[in-house]
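The values are calculated or read from the model by the stated rules, or taken from the named source; none is laboratory data. All figures in this text were calculated on a predicted structure; none of them were measured in a lab. Every residue, glycine as well, gets a Cβ built from its backbone with ideal geometry; the counts of neighbours run over all protein chains shown.
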Amino acid sequence: MPSNDSCAPLIALRDLHLSFADTRVLRGIDLDVQRGQAVSIIGPSGSGKSTLLRCITGLLRPQRGQIRVGDTAVHELRSDAEFIALRKRVGFVFQQYNLFPHLSVLENLTIAPCKVLGRERREAQDEARRLLGKVRLEHKEHAYPGELSGGQQQRVAIARALAMRPELILFDEVTSALDPETVGEVLRTIRELIEEGMTCVLVTHEMRFAEEISDAVYFTEHGVIVEHGSPRQLFNEPRSPRTRAFLQHALGRGERERRPLVPAGAAAR
């Protein structure tokens, strides 16, 4: 009988191990993302968060473990054609925008759909203009990346990822290189995608944003998942003392005074 995979996760990581020389970066990661979910991965720098995203797209290959995206066993892929087919389905927005500086905004959005997906130029341009409207940059289609602010470039990068019509999008610290005044416009764009049902995995230091938009949150440190759960549980009643200490530091004194984190089971005053 055919298996019923309607409840199977869109992303499933099992016992993922990855080392660079003698440095163990991932040490047995298990993680699930259901279709339509927003999942945030938080933790200190160097805890393996970005490495996880790169493993999902095949940019890095773990020494041990399994990675599945839908019915694709990523850990078994070998050929360039197989990896290209995977990356057509998985959008990736990096910390650095990685736009082509010599191409206009419109050209940045149409080059991959035309060359990789084989779409007609006019169709790709129409889609690109619709996506620029979606990220509120329809007036910048003829601009070049160097003429845009960091926040505008990042929104172009999000629109470029959407132009491939992916099943899910991975966001890797997409606000960390931005001026604080432009962070909000990028987070607003991501929030709207999540509200529309796009499956999203976010590596982020924006704690309150992660708490607001996530269906599940994973806290990683030293290449392991210390704790995971709903935002309500993890941000308000973290079970691990390490999670609690990290959140108290990450949220800052003002946030702690506004709503202090208390140990699981402790009575809030």
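Structural remarks
- Residue count for segment 133-181, restricted to those that are over 16 Å from the mean Cα position of the chain (by Cα), crowded, with 16+ Cβ neighbours inside 10 Å and of a type in the set (Asp, Glu): 1
- Segment 101-114, residues that are part of a loop (DSSP other than H, G, I, E, B) and either in contact with a Leu (Cβ under 8 Å, 6 or more places away or on another chain) or closer than 20 Å to Arg130 by Cα (or both): Leu103, Ser104
- For segment 34-93, residues that are surrounded by 19 or more Cβ atoms within 10 Å (Cβ to Cβ), basic (Lys, Arg) and in a loop (DSSP other than H, G, I, E, B) total 0.
- Looking across Arg242, Arg191, Arg129, Arg208, one residue alone is at pLDDT below 95, of a type in the set (Lys, Arg) and over 21 Å from Asn98 (Cβ atoms). It is Arg208.
- Filtered residues of segment 5-17 (kept if within 22 Å of Arg89 (Cβ to Cβ) and part of a strand (DSSP E or B)): Ile11, Ala12, Leu13, Arg14, Leu16
- Segment 206-229: number of residues that are buried (at least 19 other Cβ atoms within 10 Å of the Cβ) and assigned to a loop (DSSP other than H, G, I, E, B): 3
- Of all residues in segment 192-246 being within 19 Å of Gly46 (Cα to Cα) and of a type in the set (Asp, Glu), the one that is nearest to the chain's Cα centre (by Cα): Glu206
- Filtering segment 133-143 for residues that are in contact with a strand residue (DSSP E or B) (Cβ under 6 Å, 6 or more places away or on another chain) and in contact (Cβ under 8 Å) with a residue 40 or more places away in the chain leaves an empty set.
- Selection from segment 95-132 of residues that are within 23 Å of the chain's Cα centre (by Cα) and buried (at least 18 other Cβ atoms within 10 Å of the Cβ): Tyr97, Leu99, Val105, Asn108, Leu109, Thr110, Pro113, Glu127, Ala128, Leu131, Leu132
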